[in-house]
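The values are calculated or read from the model by the stated rules, or taken from the named source; none is laboratory data. These figures come from a predicted structure and were not determined experimentally. Neighbour counts run over all protein chains shown; Cβ positions are idealised from the backbone, glycine included. Calculation scope for accessible area: heavy atoms of the full protein, side chains included, ligands and nucleic acids excluded. Shrake-Rupley method; radii C 1.70, N 1.55, O 1.52, S 1.80 Å.
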Amino acid sequence: MRILDKVPGLSALAGACIVFAGLFYAPAVADELLSHREDLSAEDRAKVLNVLPLATDFSKAEGFERMQGGAGTSRKRINRDAFSHSNANLTFEQERDFKLGNGLFKKLWASSPASTKASDGLGPLYNARSCQGCHLKDGRGRPPRPGDEAVSLFLRLSIPPQTEEHQKALADKAFLRIPEPTYGGQFQAFAVTGLPAEGRFDIVHEEIEVPLNGGEVAVLQKPVYKIRDLGFGDMHPETLISPRVAPPMIGLGLLQAIHPGDLEALADPNDLDGDGISGKISRVRDGRSGDLTIGRFGWKASNPNIRDQTAGAFSGDIGISSPDKPDNYGDCTERQVACRSMPHGEQANLGVSETPDPVMELVTFYSENLAVPARRDVSNPDVLRGKELFYETGCTKCHQPKYVTRRDAETEAHQFQLIWPYTDLLLHDMGEGLADGRPVGDATGREWRTPPLWGIGLTETVNDHTRFLHDGRARNLLEAILWHGGEAETARDQVIAMEPEERKSLVRFLESL
């Protein structure tokens with residue numbers, strides 16, 4: 001069922017102004033804004049215009065707000081499996097494919113050669129042995145605890161362009177970054193037997209005090225990464241390093257089903273409206289067609305779809321080839337001769353690559369259909385007050401609350417759904433405090449994609465931690481807010497100036513998502 005099919009038409013808005021993307025427009029102008037939605041009929045468009053206005057009444061919850069993932073929202077018991085349920089509106093056959101994909105997502109890969117012929121090909125260099133190894137319980141990764149190896153946090157590597165060929169490849173989007181010549185695009189702390197790992201890294205912290213209105217002082221921890229025990233010689237002297245934690249997996253298919261025109265409508269790269277927010281689209285190449293399209297996934301919006309994201313993770317994180325990325329040696333570079341001399345897991349009788357079809361299709365389908373859990377306490381007065389503060393401080397200028405997905409989305413379960421991800425999927429300058437200094441495609445070293453907020457309040461329940469942001473530096477939601485800078489500095493300063501009870505209400509709202 002498509003949840004918007006239950007929503008009445010436009011008549012209730014006749015003669016009124018509506019809010020779209022945070023701005024006020026008369027109905028005729030708003031209808032013009034939806035002219036890009038060629039997937040919608042006139043009746044559909046009226047329904048969409050009736051539900052997209054941003055909230056102005058915070059005395060009660062909005063219609064369908066609890067069902068933040070549309071008709072596919074999971075209403076199952078909240079526990080550690082809260083992120084691992086399938087979309088509730090899948091067919092019986094799709095549920096079967098979801099379960100098969102789940103098995104492959106959890107699968108532990110073995111090094112070659114192995115008696116398990118369909119499960120070998122690990123590495124030779126890798127960060128984890130399974131998808132689940134990084135996305136534990138389909139949730140959010142974290143920095144390693146003292147004494148632990150880093151698994152769900154790894155380091156991206158690149159260097160500035162060194163040649164005209166590099167410059168041309170970046171300009172054409174053939175590459176989004178230039179890999180480090182020896183260690184590639186990702187630092188891998190594990191290797192198969194007989195091969196050294198690329199090395200290890202340590203994390204130390206610098207403390208930053210942030211005085212808050214009301215007498216409290218928040219203490220932020222800025223991580224500093226120190227690489228050691230390099231297994232293949234020195235790195236390039238200009239190597240750029242950026243840490244990443246694995247993001248949660250819920251709702252990805254719905255984000256993929258947002259109409260590109262809706263994202264274009266939110267973009268304002270030159271800040272023409274003068275509000276200090278200049279979100280921009282990330283343009284990337286589709287991994288299979290080569291077409292230039294919108295990047296939606298990854299911390300820097302560097303992947304256009306879940307299939308590309310999945311193929312990249314198989315190759316870079318696990319060292320497993322696929323029809324999309326057929327190099328059986330993963331991120332091993334030509335300079336790592338010993339790595340590229342190790343046996344691999346491709347077998348002609350099973351098909352091309354170490355994950356021949358239908359493996360990629362099943363894992364991609366699984367990743368596209370992990371359900372968003374239903375919100376909790378949407379009518380709680382404290383939550384509603386926190387929501388009002390979230391809107392008043394301008395958080396919704398980047399964390400766009402809601403969309404209606406495409407009527408013609410590839411999977412019927414994703415079609416014409418009212419969803420509440422709280423993201424614009426655009427790149428924003430987040431200030432020097434969060435800058436990694438490492439450009440990726442259209443993203444500068446200060447820019448990050450706005451992450452979705454749905455499910456964020458269940459992080460501790462699912463993953464037994466409350467670590468947030470791209471490298472997990474924030475130890476709670478308030479710290480995550482206080483790290484905001486750049487375009488979000490004005491909103492952050494308003495949070496700092498809030499009364500303590502107001503800040504608690506704001507966090508309470510985020511915890512309800």
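Below is a table of values for the structure above.
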{"quantity": "Hits in region 183-203 - residues which are open to solvent by less than 10 Å² (accessible area, probe 1.4 Å) and over 27 Å from Thr466 (Cβ atoms)", "calculated": "Tyr183, Gly184, Gly185, Gln188, Glu198, Gly199"}
{"quantity": "Candidates Ala82, Ala128 - the one that is assigned to a loop (DSSP other than H, G, I, E, B), in contact with a Cys (Cβ under 6 Å, 6 or more places away or on another chain) and among the small types (Gly, Ala, Ser)", "calculated": "Ala128"}
{"quantity": "Only one of Ala435, Ala348, Ala413 that is outside any strand (DSSP E or B), under 13 Å from Gly251 (Cα atoms) and more than 17 Å from the chain's Cα centre (by Cα)", "calculated": "Ala413"}
{"quantity": "Residue tally, condition touching a helix residue (DSSP H, G or I) at 6+ places or on another chain (Cβ under 9 Å) and not hydrophobic (A, V, I, L, M, F, W, C), over region 178-197", "calculated": "6"}
{"quantity": "Any chance Ala480 is touching a Leu at 6+ places or on another chain (Cβ under 6 Å) and under 21 Å from Arg140 (Cα atoms)", "calculated": "yes"}
{"quantity": "Residues satisfying the stated conditions in region 104-125, i.e. open to solvent by 30 Å² or more (accessible area, probe 1.4 Å) and either on the phi > 0 side of the Ramachandran plot or part of a loop (DSSP other than H, G, I, E, B) (or both)", "calculated": "Lys107, Leu108, Ser111, Pro113, Ser115, Thr116"}
{"quantity": "Any hit, region 215-222, residues being closer than 25 Å to Val495 by Cβ, under 20 Å from the mean Cα position of the chain (by Cα) and either open to solvent by less than 60 Å² (accessible area, probe 1.4 Å) or at pLDDT below 95 (or both)", "calculated": "no"}
{"quantity": "Check on Val284, touching a residue at least 60 places away in the same chain (Cβ under 8 Å), open to solvent by less than 50 Å² (accessible area, probe 1.4 Å) and farther than 29 Å from Thr444 by Cα", "calculated": "no"}
{"quantity": "Criterion violated by Ala55 - all others in (1) modelled with pLDDT of 95 or more; (2) within 30 Å of Phe105 (Cβ to Cβ); (3) among the hydrophobic types (A, V, I, L, M, F, W, C); (4) open to solvent by less than 20 Å² (accessible area, probe 1.4 Å) satisfied", "calculated": "(2)"}
{"quantity": "Top-ranked residue in region 113-151 [being of a type in the set (S, T, N, Q) and at pLDDT below 95; ranked as farthest from the chain's Cα centre (by Cα)]", "calculated": "Ser115"}
